[in-house]
Amino acid sequence: MVVKVYGPIKAACPQRVLSCLLEKDVDFQILHIDLDAGDHKKPDFLLHQPFGQVPAIEDGDFKLFESRAIIRYYASKYENRGPNLLGNTLEERALVDQWLEVEAHNFNDLVYNLVLQLVILPRMGKQGDSALALTCQQKLEKVFDIYEQRLSASAYLSGDSFTLADLSHQPGIRYLVEDAGMGHLVSQRKHVNAWWDTISNRPAWKKLMELASC
Amino acid sequence: MTIKLYGVAMSTCTAKVLACLHEYGAEFELVPVNLQNGEHKQPAFLAKNPFGQIPALEDGDLTLFESRAISTYVAEKFKGSSCDLLRSQNPKEAALVKTWMEVESQQFSPAISPIFYQSIIVPILHGGSPNQAIIDESAAKLGKVLDVYEKKLSSSKYLAGDFYSLADLHHLTYIYYLMKTPYGKLINERPRVKAWWEDISSRPAFKKVASGLTLGDKN
């Protein structure tokens with residue numbers, strides 16, 4: 001059965017889910033949601049996601065929202081197919097969870113606000129707040145310093161294999177590097193740079209980028 | 001070997017983990033971290049959590065940080081006991097638990113934490129005045145989130161279904177503190193949310209933790 005993914009293919013949170021589905025070779029169909037037209041706040045869509053945000057999925061009768069819950073579900077459902085994105089032992093899985101939490105709480109808000117001020121608002125013809133953008137950038141530098149230290153001890157965030165913890169960062173870092181002119185945050189840090197190079201060259205991610213460019 | 005949890009009993013994030021440990025009846029030692037002296041920013045603690053935040057957990061060779069990752073680890077480690085806060089045997093229930101854990105993390109906490117910070121932390125720990133504009137903005141956001149909860153709780157007893165789970169537990173400590181402020185009305189004004197709060201806060205495991213949530217109490 002094909003998984004229906006509601007959301008624009010170019011938005012970060014749907015991309016988190018799509019990257020995971022591609023890693024696990026799960027067939028999906030994207031149902032585009034026009035954020036500019038406010039589709040995500042309309043009653044039809046609120047039935048899928050009561051907070052009015054993308055993505056949401058439908059897999060037969062089963063519905064889910066929150067991108068990090070969705071990727072955990074599919075990584076678990078298809079645990080034995082494709083790469084193991086969850087870890088094997090209880091301890092490995094805990095470390096994957098830990099770095100997923102780091103992405104959600106220490107990384108995501110900073111990237112979101114930075115991209116909002118530097119990219120999204122100007123695209124909408126509005127003025128971004130450059131002081132806020134600078135504050136986010138300075139805090140992100142410190143976060144990336146911690147990642148640099150972590151990645152000098154292991155190839156990926158939770159250990160020696162690519163997991164959901166790394167995957168969850170793909171859309172945000174792409175925005176930083178390609179749209180927000182913040183590539184130096186990555187390229188100036190040897191281990192972060194090597195890690196980004198590796199995870200952004202995964203076939204699943206490259207396939208997603210191809211689909212998103214149409 | 002006993003689990004060591006580094007943190008302080010009055011902290012929302014440490015207490016979240018304490019509630020989980022008590023639900024499972026797990027043996028642990030709470031190792032206090034002296035926040036006033038900046039212990040959490042010193043090298044010894046940064047070696048446990050490079051982000052310099054409490055709590056952190058040590059269990060044998062494993063060191064973990066991020067309260068929600070820690071509580072999930074505890075629930076996984078002690079699964080198979082009579083307590084089942086993750087619903088691991090049923091993949092769809094487990095996914096719904098994870099969804100509402102994400103809702104707490106992404107929707108609820110960002111709305112409630114500025115109210116907590118301005119109403120309790122700023123006056124008590126910093127001796128300052130609350131920023132009412134921030135509180136009002138956050139209260140409006142929290143109200144909208146709780147409207148979604150009110151609707152959800154009309155079709156199930158708890159957030160992820162008719163079973164208590166980590167998704168409900170993760171809300172306990174922030175709501176406990178909210179009820180000490182005038183903004184407790186956001187809970188009380190919504191009958192199903194209020195009933196849910198009364199249910200989950202009356203659990204014995206939480207009552208053990210609540211006695212430590214003393215910020216804002218007059219001595």
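The values are calculated or read from the model by the stated rules, or taken from the named source; none is laboratory data. Small disclaimer: the values here were computed from a predicted structure and weren't measured. So basically every Cβ, Gly included, is an ideal-geometry build from the backbone, and we count neighbours across all protein chains shown. Accessible surface areas use protein heavy atoms only, side chains included; no ligands, DNA or RNA. Shrake-Rupley method; radii C 1.70, N 1.55, O 1.52, S 1.80 Å.
Does residue B:80 fit the bill of being modelled with pLDDT of 95 or more, surrounded by fewer than 17 Cβ atoms within 10 Å (Cβ to Cβ) and farther than 26 Å from residue B:45 by Cβ?
no
To keep it simple, each residue is scored yes or no on (1) buried (at least 20 other Cβ atoms within 10 Å of the Cβ); (2) in contact with a helix residue (DSSP H, G or I) (Cβ under 9 Å, 6 or more places away or on another chain).
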| position | (1), (2) |
| --- | --- |
| B:158 | no, yes |
| B:161 | no, yes |
| B:165 | yes, yes |
| B:211 | no, no |
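Looking at the structure I just gave you, is residue B:112 out of contact with any helix residue (DSSP H, G or I) (no Cβ under 9 Å at 6 or more places or on another chain), among the aliphatic types (A, V, I, L, M), away from chain A (no Cβ under 14 Å) and buried (at least 16 other Cβ atoms within 10 Å of the Cβ)?
It is false that residue B:112 is out of contact with any helix residue (DSSP H, G or I) (no Cβ under 9 Å at 6 or more places or on another chain), among the aliphatic types (A, V, I, L, M), away from chain A (no Cβ under 14 Å) and buried (at least 16 other Cβ atoms within 10 Å of the Cβ).
From B:5, B:35, B:30, which residue is touching a Ser or Thr at 6+ places or on another chain (Cβ under 9 Å), buried (at least 20 other Cβ atoms within 10 Å of the Cβ) and closer than 23 Å to residue B:213 by Cβ?
Being touching a Ser or Thr at 6+ places or on another chain (Cβ under 9 Å), buried (at least 20 other Cβ atoms within 10 Å of the Cβ) and closer than 23 Å to residue B:213 by Cβ holds for just one of B:5, B:35, B:30, which is B:5.
Might you let me know whether the range A:40-60 holds any residue that is aliphatic (A, V, I, L, M), assigned to a helix (DSSP H, G or I), within 11 Å of chain B (Cβ to nearest Cβ) and open to solvent by less than 50 Å² (accessible area, probe 1.4 Å)?
Looking through the range A:40-60, none of the residues is aliphatic (A, V, I, L, M), assigned to a helix (DSSP H, G or I), within 11 Å of chain B (Cβ to nearest Cβ) and open to solvent by less than 50 Å² (accessible area, probe 1.4 Å).
Going residue by residue through the range B:89-97, is there one that turns out to be closer than 21 Å to residue B:22 by Cβ, within 19 Å of the chain's Cα centre (by Cα) and assigned to a helix (DSSP H, G or I)?
Yes, the range B:89-97 has at least one match.
Here are some conditions: (1) touching a Lys or Arg at 6+ places or on another chain (Cβ under 7 Å); (2) touching a residue at least 40 places away in the same chain (Cβ under 8 Å); (3) more than 20 Å from residue B:22 (Cβ to Cβ). Residue B:154 meets all but one. Which one does it not meet?
Residue B:154 satisfies all of (1) touching a Lys or Arg at 6+ places or on another chain (Cβ under 7 Å); (2) touching a residue at least 40 places away in the same chain (Cβ under 8 Å); (3) more than 20 Å from residue B:22 (Cβ to Cβ) except (2).
Working carefully through the options A:89, A:163, A:135, find the one that is more than 8 Å from every other protein chain (Cβ to nearest Cβ), open to solvent by less than 70 Å² (accessible area, probe 1.4 Å) and either at pLDDT below 95 or more than 30 Å from residue B:41 (Cβ to Cβ) (or both).
Among A:89, A:163, A:135, only A:89 is more than 8 Å from every other protein chain (Cβ to nearest Cβ), open to solvent by less than 70 Å² (accessible area, probe 1.4 Å) and either at pLDDT below 95 or more than 30 Å from residue B:41 (Cβ to Cβ) (or both).
Tally up the residues in the range B:52-96 that are closer than 18 Å to residue B:14 by Cβ, of a type in the set (Ser, Thr, Tyr) and touching a helix residue (DSSP H, G or I) at 6+ places or on another chain (Cβ under 9 Å), please.
4
Residues checked against (1) open to solvent by 60 Å² or more (accessible area, probe 1.4 Å); (2) touching a residue at least 24 places away in the same chain (Cβ under 8 Å); (3) assigned to a helix (DSSP H, G or I):
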site	(1), (2), (3)
A:107	no, yes, yes
A:110	no, yes, yes
A:127	yes, no, no
A:175	no, yes, yes
A:182	no, yes, no
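Evaluate the following for residue B:36: is it in a loop (DSSP other than H, G, I, E, B), modelled with pLDDT under 95 and either over 18 Å from the mean Cα position of the chain (by Cα) or within 11 Å of chain A (Cβ to nearest Cβ) (or both)?
Answer is yes for this residue.
Do you know which of the residues in the range B:177-219 that are part of a loop (DSSP other than H, G, I, E, B) and among the hydroxyl-bearing types (Ser, Thr, Tyr) is modelled with the highest pLDDT?
Once the filter is applied, the top-ranked residue is B:202.
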